[in-house]
Amino acid sequence: MKKTLVSLVASLTMLCMILSLTAGCSSGGGVSGCFDDREVLNVYNWGEYISDGEDDSLDVIEAFEEKYNIRVNYTTYASNEEMYQKIKSGAGNYDIIIPSDYMIEKMISEDMLEKLDFDNIPNYKYIGDDYKNLDFDPENEYSVPYLWGTVGVFYNTKMVDEEDIKDQSWDILWNEKYSGQILMFDNPRDAFGIALKKLGYSQNTTDKAEWQEAYELLAEQKPLVQAYVMDQIFDKMANEEAAIAPYYAGDARIMVAENPDIGFYLPKEGSNKFFDSMCIVKGSEHKEAAEKFIDFMCEADVALANSEYVCYSTPHTEAYKLLDKEIRDNDNYYPSSRTLERCEVFCNLPPKINELQNDLWIKLKTK
Amino acid sequence: MNKKSSVLAAPFALWILIFTVVPLALVVYFAFWGDNGFTLDFIKSIGEGEYAKSLGTSIWLGAIATVICLLLGYPVAYIISRAKGISQRTMVMLIMLPQWMNFLLRTYALMSLLENNGLINTWLRDIGLDPINIINTRAAVVLGMVYDFLPFMVLPIYSVMTKIDHRVTEAAQDLGANGFVVFRRVILPLSVPGIISGITMVFVPAVSSFIISRLLGGGKEMLIGDVIEMLFIQVEGGRNVGAALSLVLMVLMLICMTLMNHFDDSEDSGGMIA
């Protein structure tokens, strides 16, 4: 889900807002070339979250453009919240977005998404039944799952004693033995999610006392934490700068490729399970093209290319069958249903709890 | 004549209008106008919570970085201004050279230099010394600020110093002043405008810097720039408080600068860049 790129966005967002106010973004969106009269589809996705032709992979965007003679204006974001703020403020013109579970729930409740016409998305039939009618879109009217995954613990086998990983718990992130060698999520939802799971609470709790307890736990952890990071985690783990870090399971393949001593487990207390699904922004002027795009993304070879490139798990039954056996059988990418039962999907938190979460996060970071 | 110059200034005026005046007006607007019209709540909320603390830390670290820049930069500026022709140009070039590289890249580079398994510590271990533990500390954040903003201290001081008439220092020497007195009574006062603009150009971006603390400080301490970024990007409806915070920051900076300019009592402030 969240391969964040370092974003210098605060100022840029401002700039974009002003530009759109003064210059007036054209309804077509983006800068269409003078002699390019193809229809333009604006796709807004996570950074590094599509097969782009690198290393002999399929260039999905290019293949789509050729097949349908539609030009794709492709831009990326680093977090659900960043994407939401952009859409909400009306800055820029987007047709396709790929939010995560809780953000889809929120956007549906705020009437920010178009209902999909599944007659135009025949390939939807390939999506596994386990990935349909999920809680965030119970009637499955607004979203088509793109990729999914879980959050777990990465550790360096050379730097961590075997006995400490034996019980496969979140506790290792609080183990004083590894003080200064622990990395932690640099975003509140994931960080609090871990603390809440460790306490045995729901990650979607609306009990303020439980959030407070989770905060105390994170505050207790802070002296042991080397750094709060997102995608710097790849370098820091590969260079053995740190020994332990929580991150998204799919990234294990990239991490192990860089440093074979890195191991991964899904903690026994349970974890977060996330879905990133394709949606169409309310008021999209290219809804049909957008549905073509979603359908294209659900073609088996495209879904396979994306899952192989991004390394996150695919909900596509045919693509799954085409994956390497060792990946299909790997419990980290495709955990057993028993393991998954312990995992929770984020729900949209009520505004009061969201506010509390952000306040506690700033409090933690200024402590 | 007048008409002509105002025509020539028009593009710049337009630029300032679009990229300075309008954004500033938007910041003020968001800081005072919420969904229910005019309110002082956003400004008030800054006093509560953790914002004040973060603001204090930012000003404190920015001030330290500024002092270090001044202590490092002033002698350098002096030496460069006294150097002859080609070597002077070479030295100015060397000061500017790092600026040609993107600031984010330089900060990333600094991170991989300072890390526990970074270049510096690897060398230290190779020659049998203890590694230094600096990454993810406040010291690393200050170092990053100094590293990124030092040229902004050196260049204005240098440009003022080159304008100091040699005959003035010679006159002082003729009147019996030794080297130290010449510096204290002649060169230092004449270079004040450069110092002031140097301080302005380092302090303001240092206090409001936001990526440095995340990369070099391990994200363990949110500086005010990080808080504002988070409010704008992560927090729904956070842009009002974010704008209020930006506004308070700007006002504080303005007060600092006004106080600073008070020290600058020389008539000629030709060195002012900011």
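Computed quantities for the displayed model
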| quantity | calculated |
| --- | --- |
| Any hit, the range A:86-96, residues being at pLDDT below 90 and β-branched (Val, Ile, Thr) | no |
| Any hit, the range B:140-155, residues being outside any helix (DSSP H, G or I), out of contact with any His (no Cβ under 6 Å at 6 or more places or on another chain) and touching a residue at least 12 places away in the same chain (Cβ under 8 Å) | no |
| Filter pass, residue A:280 being more than 14 Å from every other protein chain (Cβ to nearest Cβ) and within 26 Å of residue A:135 (Cβ to Cβ) | yes |
| Members of the range B:195-249 found to be of a type outside the set (A, V, I, L, M), away from chain A (no Cβ under 13 Å) and crowded, with 24+ Cβ neighbours inside 10 Å, listed by number | B:197, B:198, B:203 |
| Candidates B:129, B:110, B:105, B:124, filtered to the one that is in a helix (DSSP H, G or I) and away from chain A (no Cβ under 14 Å) | B:124 |
| Among the candidates A:55, A:101, residue that is over 16 Å from the mean Cα position of the chain (by Cα) and not polar (S, T, N, Q) | A:55 |
| Any chance residue A:322 is buried (at least 19 other Cβ atoms within 10 Å of the Cβ) and farther than 21 Å from residue A:101 by Cα | no |
| Unique residue being free of Cβ contacts under 8 Å to residues at least 40 places away in the same chain, of a type in the set (S, T, N, Q) and farther than 28 Å from residue B:218 by Cα when the list is B:87, B:112 | B:87 |
| Subset of the range A:258-290 (residues that are aliphatic (A, V, I, L, M) and either in a strand (DSSP E or B) or farther than 30 Å from residue A:96 by Cβ (or both)) | A:262, A:266, A:278, A:280, A:281 |
| Enumerated helices (runs of 4 or more DSSP H) restricted to the range A:74-193, each holding at least 2 residues that are more than 23 Å from residue A:270 (Cα to Cα) and within 14 Å of chain B (Cβ to nearest Cβ) | A:80-89, A:101-109 |
| Which listed residue, of B:64, B:95, B:59, B:46, is modelled with pLDDT under 95, among the β-branched types (Val, Ile, Thr), over 30 Å from residue B:165 (Cα atoms) and under 21 Å from the mean Cα position of the chain (by Cα) | B:59 |
| Qualifying residue in the range A:27-34 (condition: modelled with pLDDT under 80 and within 14 Å of chain B (Cβ to nearest Cβ)) | no |
| For residue B:240: the one exception among (1) within 15 Å of the chain's Cα centre (by Cα); (2) closer than 22 Å to residue B:20 by Cβ; (3) not aliphatic (A, V, I, L, M) | (1) |
| Residue in the range B:84-100 that is out of contact with any strand residue (DSSP E or B) (no Cβ under 8 Å at 6 or more places or on another chain) and either basic (Lys, Arg) or not assigned by TED's automatic domain parsing to the domain that holds residue B:221 (or both) present | yes |
| Subset tally (residues that are surrounded by fewer than 20 Cβ atoms within 10 Å (Cβ to Cβ) and touching a residue at least 40 places away in the same chain (Cβ under 8 Å)) for the range A:107-127 | 9 |
| Options A:198, A:177; residue that is of a type outside the set (Val, Ile, Thr), touching a residue at least 24 places away in the same chain (Cβ under 8 Å), surrounded by fewer than 21 Cβ atoms within 10 Å (Cβ to Cβ) and in the same structural domain as residue A:210 (by TED's automatic domain parsing) | A:198 |
| From the options A:272, A:306, A:358, A:354, residue that is within 14 Å of chain B (Cβ to nearest Cβ), among the polar types (S, T, N, Q) and in contact (Cβ under 8 Å) with a residue 40 or more places away in the chain | A:358 |
| Test for residue B:181: is it assigned by TED's automatic domain parsing to the domain that holds residue B:229 and touching a residue at least 12 places away in the same chain (Cβ under 8 Å) | no |
| Odd one out for residue B:179, checked against (1) within 14 Å of chain A (Cβ to nearest Cβ); (2) closer than 30 Å to residue B:93 by Cβ; (3) surrounded by fewer than 22 Cβ atoms within 10 Å (Cβ to Cβ) | (1) |
| Of all residues in the range A:219-233 being in a helix (DSSP H, G or I) and closer than 16 Å to residue A:172 by Cα, the one that is farthest from the other protein chains (Cβ to nearest Cβ) | A:220 |
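This table checks each residue for (1) crowded, with 17+ Cβ neighbours inside 10 Å; (2) within 10 Å of another protein chain (Cβ to nearest Cβ); (3) among the polar types (S, T, N, Q); (4) in contact (Cβ under 8 Å) with a residue 24 or more places away in the chain.
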position	(1), (2), (3), (4)
B:8	no, no, no, no
B:14	no, no, no, no
B:26	no, yes, no, yes
B:42	yes, no, no, yes
B:66	yes, no, yes, yes
B:75	no, no, no, no
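The values are calculated or read from the model by the stated rules, or taken from the named source; none is laboratory data. All figures in this text were calculated on a predicted structure; none of them were measured in a lab. Because the Cβ atoms are built from the backbone with ideal geometry, glycine has one as well, and the counts that use them run over all protein chains shown.
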